[in-house]
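Beneath this line is the structure, given in structure tokens, with notes to follow.
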Amino acid sequence: MAFAEGALAALKVGFQEGARSLVLLSPILRRDALLSAKLAALRFGLEVGGMEGFARVGRALFFGPRAAGSEEIFAVWKEGLNEEGVRAWLALVEGLSDERRWLRGTSARLLVIQGAWDAFTPPYFGKEVVDFAKGEALRFTLEEAGHLVPWEAREEVLDLVADFLSGEAFRPLPGGLAL
């Protein structure tokens, strides 16, 4: 299981190790002009306002309706940030090229889960993963969740992952959907 930019590392390991299944949460496999603009806003927030500036911009991009208004959730997320880590993360995502080709290198079954309200990596990022996948790929977008879908919709994500890994309750349909 991999979150966001970790999807690339998971695909590389999956390719090398012959993984049979991969779960990708809010995957980022490429940087486009819109994502570049969002990264520039996050970097500007960091440079002008320090960690508080980064967090304010990040709140608008990472949180969906379930968590955006919660000061408690925001405070816990912000507490886990550190400047060195944020700068390394920004550099990593800013340096991404189009890495969707790795999807052609594995025949692993893929489960893609995203928040329907993900402003940072909108659902079309997940749709591209399913469209580029070589093997079976399923995609779910969860209402009221944003980029931080594993935290905002924890129980739904756990249920989908458990069903996917056990093979229960999934019957693939054209276009990467499932019943």
Got a sec? Which of G49, G45, G64, G53 is in a loop (DSSP other than H, G, I, E, B), of a type outside the set (S, T, N, Q) and either farther than 23 Å from P150 by Cα or touching a His at 6+ places or on another chain (Cβ under 8 Å) (or both)? G64
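Table: residues versus (1) open to solvent by 60 Å² or more (accessible area, probe 1.4 Å); (2) at pLDDT below 95.
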| position | (1), (2) |
| --- | --- |
| A55 | no, no |
| F62 | no, no |
| G69 | yes, yes |
| E72 | yes, yes |
| A91 | no, no |
| G105 | no, yes |
| A108 | no, yes |
| V112 | no, no |
| W117 | yes, no |
How many residues are over 13 Å from the mean Cα position of the chain (by Cα), in a helix (DSSP H, G or I) and closer than 23 Å to G14 by Cα when one looks only at region 110-161? 7
Checked against (1) surrounded by fewer than 21 Cβ atoms within 10 Å (Cβ to Cβ); (2) under 26 Å from T106 (Cα atoms); (3) touching a helix residue (DSSP H, G or I) at 6+ places or on another chain (Cβ under 7 Å), L39 satisfies every condition except (2)
(1) of a type outside the set (D, E); (2) under 30 Å from G53 (Cα atoms); (3) touching a helix residue (DSSP H, G or I) at 6+ places or on another chain (Cβ under 9 Å); (4) assigned to a helix (DSSP H, G or I) all hold for R104 apart from (2)
Restricted to region 15-36 and to residues being in a helix (DSSP H, G or I) and modelled with pLDDT of 95 or more, the residue least open to solvent (accessible area, probe 1.4 Å) is L35
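The values are calculated or read from the model by the stated rules, or taken from the named source; none is laboratory data. Values in this document were obtained by computation on a predicted structure and should not be read as measured data. Positions of Cβ are backbone-derived with ideal geometry, glycine not excepted, and every protein chain shown enters the neighbour counts. We work out accessible area using only protein heavy atoms, side chains counted, and drop any ligands, DNA or RNA first. Shrake-Rupley method; radii C 1.70, N 1.55, O 1.52, S 1.80 Å.
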